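Have a look at the structure below, then the notes.
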Amino acid sequence: MAGVDLRTVQELLGHKTISMIFRYAHLSEADKKEAIKLLEINFIKIYRILVTVKIMSFKVFIFQ
């Protein structure tokens, strides 16, 4: 998909529905694997932030 998300392609082509894009979008296995990898990396980053915030909140609670 050349790195462009389908919603952007939809808007650029003037399609009213995303289903029209799916007629022409053929994701390769490599595209799917790359998407999963990116989602995993982002999930890990978010999880680490949430854990850090929770630990910091707990420390503030204890020392009050």
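Can you find a residue that is part of a loop (DSSP other than H, G, I, E, B), in contact with a helix residue (DSSP H, G or I) (Cβ under 9 Å, 6 or more places away or on another chain), surrounded by fewer than 10 Cβ atoms within 10 Å (Cβ to Cβ) and modelled with pLDDT under 85 anywhere in the range 4-20? Walk me through how you get there before you give the answer.
Of the range 4-20, the ones part of a loop (DSSP other than H, G, I, E, B) are 4-5, 14-17.
Among the residues that remain, those that are also in contact with a helix residue (DSSP H, G or I) (Cβ under 9 Å, 6 or more places away or on another chain) are: 4, 15-17.
After this cut, where a residue has to be surrounded by fewer than 10 Cβ atoms within 10 Å (Cβ to Cβ) as well, the list is 4, 16-17.
Retained after the next criterion (residues that are modelled with pLDDT under 85): 4.
Among the residues of the range 4-20, at least one is part of a loop (DSSP other than H, G, I, E, B), in contact with a helix residue (DSSP H, G or I) (Cβ under 9 Å, 6 or more places away or on another chain), surrounded by fewer than 10 Cβ atoms within 10 Å (Cβ to Cβ) and modelled with pLDDT under 85, which makes the answer yes.
Need pairs with beta-carbon distance below 7 Å; first residue on the phi > 0 side of the Ramachandran plot and within the range 13-36, second of a type in the set (A, V, I, L, M, F, W, C); sequence gap 6+ or separate chains.
Listed pairs, sorted by first residue: none to list.
The values are calculated or read from the model by the stated rules, or taken from the named source; none is laboratory data. All values reported here derive from a predicted model rather than from experimental measurement. No Cβ is skipped: glycine too gets one built from the backbone with ideal geometry, and neighbour counts run over all protein chains shown.
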